[in-house]
Amino acid sequence: MNAAVSPVSQQKQYQQQFQQALNTPELFWAEQAKQLPWYKAPNSILQQLTSGHYQWFGDAVLNIAYMALDYHIEQGRGEQTALIFDSPVTNTKQQFSYNQLQHQVACFAGVLQQQGVSKGDRVVIYMPMIPEAAIAMLAVARLGAIHSVVFGGFSAQELAVRIDDAKPKLVVSASCGIEVSRIIAYKPLLDKALQLSKHQPTNCIIYQREQLIAPMQPPRDIDWQHAMQHALPAPCTPVKATDPLYILYTSGTTGKPKGVVRDNGGYAVALNYSMRHVYNCQIGDVFWAASDVGWVVGHSYIVYGPLIAGCTTVMYEGKPVMTPDAGAFWRVCAEYKVNTLFAAPTAFRAIRKEDPEASLQQYDLSALRYIFMAGERLDPATLHWACEKLHKPVIDHWWQTETGWPIAANPIGIAHFAVKPGSSSLPIPGYNVQILSDQGRRLRPNEQGFIALKLPLPPGCLTTIWQDEQRFHDSYLSTFAGYYDSGDGGYIDEDGYLFVMGRTDDVINVAGHRLSTGEMEQIVANHPAIAECCVIGIHDAIKGQQPLAMVLLKNGQQIDDTILQAELVAMVREEIGAVASFKQVIVVPRLPKTRSGKILRKLLRGITNGEPLSIPSTIDDPDSVPEIAAILNQKGLVMSSPQ
Ligand code: COA
Ligand code: AMP
């Protein structure tokens with residue numbers, strides 16, 4: 001559609017790799033592992049443990065920060081740019097060579113070590129998109145410790161929950177973040193989180209930004225810049241391939257986030273493989289993932305992936321629009337000769353809305369080879385617009401916090417297949433993607449069902465939920481025996497193309513951010529006037545989805561709708577954070593339920609999506625359906641036709 005399709009010989013190479021990874025995964029991944037500089041290379045490739053779980057590279061030893069930095073210096077790439085920082089919100093541009101970044105990381109590791117951080121300790125990182133966030137992550141990894149980065153848009157409450165779960169020895173934060181022109185004071189949020197959490201870290205290291213100097217609480221709080229003045233570089237600590245590198249919390253269906261645990265060795269192998277075979281990147285290429293270090297994309301493709309692959313990574317502290325305009329992405333691509341851009345469809349929809357003709361695209365984008373999209377389904381309209389305005393291959397690819405790297409894509413590092421709008425193309429070698437019925441039966445091409453991944457998962461995917469093996473099993477492995485349940489639904493067509501159509505659970509995707517409606521419901525239900533509530537994701541032209549709360553008032557309660565909405569919005573903002581984009585509440589007389597009292601969320605989602613009304617036989621009160629449909633219609637909350 002938008003790029004030359006590779007010759008048949010290359011397409012055959014994909015088939016060969018795919019079959020090899022499927023039939024002889026040990027051979028396939030042993031070969032991939034050879035590409036990396038281990039301290040002790042793996043002899044054991046894949047092992048099933050007595051628990052039934054699988055582990056990759058069980059006897060190998062490495063340090064991922066060494067692979068990402070020191071190794072490249074040893075190979076003579078010390079002067080190559082490792083990291084470019086571009087911050088339109090502070091008018092800052094900064095570049096770090098591999099030598100410089102390694103020095104900063106080693107020194108900050110020295111600071112952490114001095115504060116008692118060692119192998120296996122947890123360090124929570126709550127930072128804006130500044131180089132120090134990446135430096136902190138790599139420094140933690142250098143010591144063999146475990147980082148847990150918390151996205152800056154989360155509230156003090158969410159931070160506290162993560163601190164209590166991860167029990168960090170130390171928290172690293174900054175005085176503030178900047179949202180377009182608004183300064184967000186991070187330090188008071190951290191202070192509040194520490195008042196809320198039971199667990200207390202020994203110390204907090206705070207990077208003071210000149211835009212806002214945070215008041216410190218000595219001796220707990222340590223000034224980053226001051227500590228670095230006296231820092232001695234720390235060496236890399238060897239760790240086992242199976243030791244955890246990080247915990248990254250993600251929304252599940254309950255209020256408690258899931259601490260996805262990633263190992264070191266499998267992750268390094270998977271990232272290196274994907275940088276070459278999915279993204280087609282070579283040493284020296286410039287890779288820009290326009291995401292945030294607080295999300296999995298930031299971990300894999302701002303920090304570890306590009307650096308392990310010897311590329312230059314770009315960190316951008318800004319938005320696709322407003323900083324200063326909808327030409328920002330093109331300016332960054334041109335200025336740094338970005339070869340590969342990775343963004344969320346939301347970002348492109350925002351740009352398209354501001355600048356439909358892409359008149360602000362007057363930059364030289366000749367270096368840009370590919371645009372990858374993920375975080376949500378790339379809707380055909382956005383795909384067409386991007387192809388038409390940019391004349392570059394635009395590639396949808398599907399993955400999750402849990403997998404850490406793409407499950408399905410157009411694997412251009414192997415072969416470029418024809419694009420099918422709405423599809424994230426083909427499974428990546430290593431992933432055995434199947435569509436199952438609710439009974440676990442394999443469905444035929446074009447039949448829609450649950451997307452499941454046959455075990456074992458390839459290297460790099462989650463190994464457990466932090467300190468909760470049972471939840472790991474219950475959330476992912478118990479639905480379909482022998483499979484990982486992705487939580488997404490969709491189908492595979494007759495050519496093997498995967499179409500991911502949306503979540504099968506109560507997780508929603510707002511501006512590429514994954515949020516739990518269950519968590520929002522818990523908060524809304526705490527309002528004294530509310531008897532019952534239901535939160536669903538409804539279509540949003542820019543953000544893909546936005547939350548909508550339908551609430552029932554307690555008998556005798558009288559509260560103005562506008563006041564109620566404002567109070568609920570404030571509660572969700574306080575407890576989850578601004579990132580929830582929770583803005584809409586409607587009061588309804590009743591909610592459709594089954595006879596056993598379960599709210600029919602799927603039916604409500606169907607109504608807002610403009611699907612034809614189909615009333616399930618299990619419904620308790622059939623009249624509630626046309627009634628709620630009329631209310632939603634009247635409020636303009638029903639799409640005119642399904643997407
Ligand atoms: N720290 C503090 N607050 C943050 C934040 C952060 N790191 N990130 C977002 N927020 C706040 C925003 O300021 C906004 O607050 P507001 O409601 O007071 O205005 C709220 O959280 C929602 O943010 P966002 O979803 O980013 O919406 P927006 O209206 O500010 O911007 C877009 C809209 C489309 C420009 C923006 O959502 C975007 O760039 N999306 C792409 C997302 C992306 O890259 N995801 C990648 C995942 S792979
Ligand atoms: P996260 O774990 O935050 O990265 O969110 C993962 C979820 O985002 C997936 O389970 C999907 O629901 C959705 N998602 C990510 N990428 C895509 C894509 N390319 N197509 C469809 N859905 C996607």
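A short reminder: the numbers here are calculations on the coordinates, not readings from a lab. Given the structure is predicted, the values throughout are model-derived calculations rather than measurements. Counting neighbours? That spans all protein chains shown, and the Cβs are built from the backbone with ideal geometry, glycine included.
In whole angstrom, and with the biggest value first, how far do the Cα coordinates of the stretch 187-269 range along each principal axis?
Projected onto its principal axes, the Cα set of the stretch 187-269 covers 40, 40, 25 Å.
Within 13 Å, Cβ to Cβ, of Leu457, how many net charges do the neighbouring residues add up to if Lys/Arg are +1 and Asp/Glu are -1?
Working: positive: Arg262, Lys454; negative: Asp263, Glu402, Asp485.
Within the 13 Å Cβ shell, the charges total -1.
Counting only Cα atoms, I'd like the Rg/Rh figure for the stretch 439-534, Kirkwood definition for Rh.
Values: Rg = 16.6 Å, Rh = 15.8 Å.
For the stretch 439-534, the value is 1.05.
Looking at the stretch 115-266, what % of its DSSP beta bridges pair antiparallel, to the nearest 5? Intermediate results must be reported in sequence, preceding the final value.
Working: 11 of 28 bridges.
For the stretch 115-266, the DSSP antiparallel bridge percentage is about 40.
Pairs to check: Lys187/Lys583; Lys256/Lys598; Lys389/Lys454; Lys192/Lys593; Lys240/Lys420. Give those whose C-alpha atoms are more than 31 Å from each other in this structure. All intermediate terms of the calculation are to be shown ahead of the outcome.
On the way: Lys187/Lys583 26 Å; Lys256/Lys598 21 Å; Lys389/Lys454 39 Å; Lys192/Lys593 39 Å; Lys240/Lys420 41 Å.
From Lys187/Lys583; Lys256/Lys598; Lys389/Lys454; Lys192/Lys593; Lys240/Lys420, over 31 Å: Lys389/Lys454; Lys192/Lys593; Lys240/Lys420.
Counting other Cβ atoms within 10 Å, keep those with at most 13, restrict to DSSP loop, and tell me which trypsin sites (Lys or Arg not before Pro) in the stretch 1-66 are left.
Values: sites: Lys12, Lys34, Lys40; in loops: Lys34.
Counting only loop positions with at most 13 other Cβ atoms within 10 Å, the trypsin sites (Lys or Arg not before Pro) in the stretch 1-66 are Lys34.
Using modelled backbone amide H atoms (1.01 Å from N, in-plane), which distant-in-sequence or interchain residues come within less than 5 Å of Val510's amide H?
Leu515
Given the peptides 399-411, 211-223, arrange them by the average over their residues of other C-beta atoms within 10 Å, most packed first.
Values: 399-411: 25.3, 211-223: 14.1.
For the peptides 399-411, 211-223, the packing ranking is 399-411, 211-223.
Give the Debye-formula value of log10 I(q)/I(0) at each listed q (0.21 Å⁻¹), with one equal scatterer per alpha carbon of the stretch 463-514, two decimals each.
Cα-only, vacuum Debye calculation for the stretch 463-514: -0.93.
Taking every pair of Cα atoms in the stretch 506-634, average 1/r, invert it to obtain the Kirkwood radius, and report Rg/Rh to two decimals. Intermediate results must be reported in sequence, preceding the final value.
On the way: Rg = 14.3 Å, Rh = 15.1 Å.
Across the stretch 506-634, the Cα-based Rg/Rh ratio is 0.95.
So if each residue of separation counts as 0.36 nm, and I subtract the Cα-Cα distance between Gln94 and Gln282, what length gain in nm does that give?
Values: separation 188, 0.36 × 188 = 67.68 nm, distance 2.28 nm.
Once the chain is fully extended between Gln94 and Gln282, it gains 65.4 nm.
Note down the magnitude of the dipole of the chain about its Cα centre, charges +1 on Lys and Arg C-beta and -1 on Asp and Glu C-beta and zero elsewhere, to the nearest 20 debye. Before the final figure, lay out the partial values.
Numbers: 52 positive and 59 negative charges, 108 e Å.
Using Cβ point charges on Lys, Arg, Asp and Glu, the chain gives about 520 debye.
Mark the label point 7 Å from the Cα of Ile542 along Cα→Cβ and return the residues of the stretch 363-402 whose backbone N is within less than 17 Å of it.
Backbone N within reach: 382.
Just tell me, in residue order, which DSSP H segments of the chain are both 20 angstrom or longer along the helix axis (alpha-carbon based) and at least -1.0 in mean Kyte-Doolittle hydropathy.
Details: long enough: 8-23 (22 Å, -1.56); 98-114 (24 Å, -0.06); 561-575 (21 Å, 0.22).
What comes out of the filter, once short or polar helices are dropped, is 98-114, 561-575.
In vacuum, with every alpha carbon of the stretch 329-477 counted as one equal point scatterer, what does the Debye formula give for log10 I(q)/I(0) at q = 0.20 Å⁻¹? Two decimals, please.
Those come out to -1.26, one per q.
Could you work out how far the C-alpha centroid of the stretch 419-443 sits from that of the stretch 293-372, in angstrom?
Computed from Cα coordinates, the inter-centre distance equals 28 Å.
What are the extents of the Cα atoms of the stretch 83-235 along their three principal axes, listed from largest to smallest and rounded to whole Å?
40, 39, 24
Put a dot 7 Å past each Cα toward the Cβ at His226 and Gln448; how far apart are the dots in nm?
The two pseudo-label positions are separated by 5.9 nm.
Would you be so kind as to identify which of Leu568, Ala531, Ile599 lies farthest towards the positive end of the dipole of the stretch 506-634, taking Lys and Arg as +1 and Asp and Glu as -1 on Cβ and the Cα centre as origin?
It is Ile599.
With the dipole of the stretch 431-577 worked out from charges on the C-beta (+1 for Lys and Arg, -1 for Asp and Glu) around the Cα centre, which of Gly512, Ile542, Ser437 lies farthest toward the positive end?
Ranked along the dipole, the leading option is Ser437.
Roughly what % of DSSP beta bridges within the chain run antiparallel, to the nearest 5? Don't skip to the end; give the middle numbers.
On the way: 59 of 96 bridges.
Within the chain, antiparallel bridges account for around 60 percent of the total.
Quick one: putting +1 on the C-beta of Lys and Arg, -1 on the C-beta of Asp and Glu, what dipole do you get for the stretch 1-158 around its Cα centre, in Debye to the nearest 20? Could the numbers behind the result be given before it?
Working: 8 positive and 10 negative charges, 24 e Å.
With Lys and Arg at +1 and Asp and Glu at -1, about 120 debye.
Determine the principal axes of the Cα atoms in the chain, then give the extent along each, sorted from largest to smallest and rounded to whole angstroms.
72, 64, 59
Along Cα→Cβ, 7 Å out, is where each label goes; now give me the distance between the ones at Lys583 and Ala570 in nm to one decimal.
1.9 nm
In the chain, with Lys and Arg counted as +1 and Asp and Glu as -1 at Cβ, which of these residues, Leu271, Pro345, Thr202, has the Cα nearest the positive end of the dipole, that is, farthest along it?
Leu271
I need the Debye-formula profile for the stretch 55-111: one equal scatterer per C-alpha, no solvent, reported as log10 I(q)/I(0) at q = 0.27 1/Å, two decimals.
Rounded to two decimals, the profile gives -1.03.
Using r as the Cβ-Cβ distance of Asp59 and Ile213, and R0 as 51 Å, what FRET efficiency do you calculate, to the nearest 0.05? List each step's numbers first, then the result.
Numbers: r = 49 Å, r/R0 = 0.96.
Step by step, r from the Cβ atoms, then E = 0.55.
So what's the gap between the Cα centers of the stretch 580-627 and the stretch 1-59, to the nearest angstrom?
45 Å
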